[in-house]
Amino acid sequence: MNCVKVSVLISIMLFFLMGCSEKQISFEERIEHQIQHASSESIIHYEVKGNYVYAFYTDHEMLRYQAFKLSGKSIDWVDGSGGSDIKKGGFSASNNHDIPFSFSYFTSNNPDVKDVLVHGQEAKYIRVNDTISFWIAFTETTFERGDFVALSYEGDEVDLVIHE
């Protein structure tokens, strides 16, 4: 789902969640406000999975996330932080038992990495700009360190992170 589709979906959810009151702040502003406690930098990407929203943001060259559950008019924090170094590469995962799926995301400093597979399924690739790109995976199976594979453009297994 690209940023335009996410924006449209969020706008629709805003309409239903907030009504037409001018006094209430927007859905995005509410999430931004909650994330401001963790970082002064802005949200760079949203992912919507069921009635959960994952908001990604940068914090001192780390990619981080906060997850929120949408229920009625409330937006409740359920999970977050983690961290994957944007320049050096790495991964972060959440197996929060209050959420009906596991979640992981990956950054890479290896220019040969084209895809990341998690439990054999292709992770979603997100490119924000020339500096920030990452892969996201939602799975029904709990995520563990050995559950992902980075693949080259030729389809060969490669290291997600090159240690210099």
_Checking a compactness column here: for the stretch 89-162, what do you get for Rg(Cα) / (2.2 N^0.38 Å), N being the number of residues?_
1.07
*Which distance in nm do the two modelled labels at His163 and Asp85 give, with both placed 7 Å along the Cα-to-Cβ direction?*
1.1
*Sorted by Cβ density within 10 Å, fewest first, the residues Ser71, Ser84, Ser133*: Ser71, Ser133, Ser84
*asked:* Can you sort Tyr153, Tyr105 from fewest to most other Cβ atoms within 10 Å of each residue's own Cβ?
replied: Tyr153, Tyr105
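Where Lys and Arg each count +1 and Asp and Glu each count -1, what net charge lies around Tyr153 among other residues with Cβ under 11 Å from its Cβ? Walk me through the intermediate numbers first.
On the way: positive: Lys114; negative: Asp112, Asp115, Glu154, Asp156.
Local net charge: -3.
Given 0.36 nm per residue, what is the gain on full extension from Trp77 to Thr142 after removing their alpha carbon distance, in nm?
Details: separation 65, 0.36 × 65 = 23.40 nm, distance 2.07 nm.
Extra length from Trp77 to Thr142 when fully extended: 21.3 nm.
What does the charge add up to near Tyr54, with Lys and Arg as +1, Asp and Glu as -1, over the other residues with Cβ less than 10 Å from its Cβ? Working shown, then result.
On the way: positive: Lys49; negative: Glu47, Asp79.
Overall, the nearby charge balance is -1.
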*asked:* Just want the ordering: Asp130, Asp112, from fewest to most Cβ atoms lying within 10 Å of their own Cβ.
replied: Asp130, Asp112
*Please give the length that would be gained between Glu122 and Ser152 if that part of the chain were fully extended, namely 0.36 nm times their separation in residues minus their C-alpha to C-alpha distance (nm, one decimal).*
9.5 nm
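No lab work stands behind these numbers, since they all come straight from the coordinates. Predicted, not measured: the structure shown is a model, and the values here were computed from it. Counting neighbours? That spans all protein chains shown, and the Cβs are built from the backbone with ideal geometry, glycine included.
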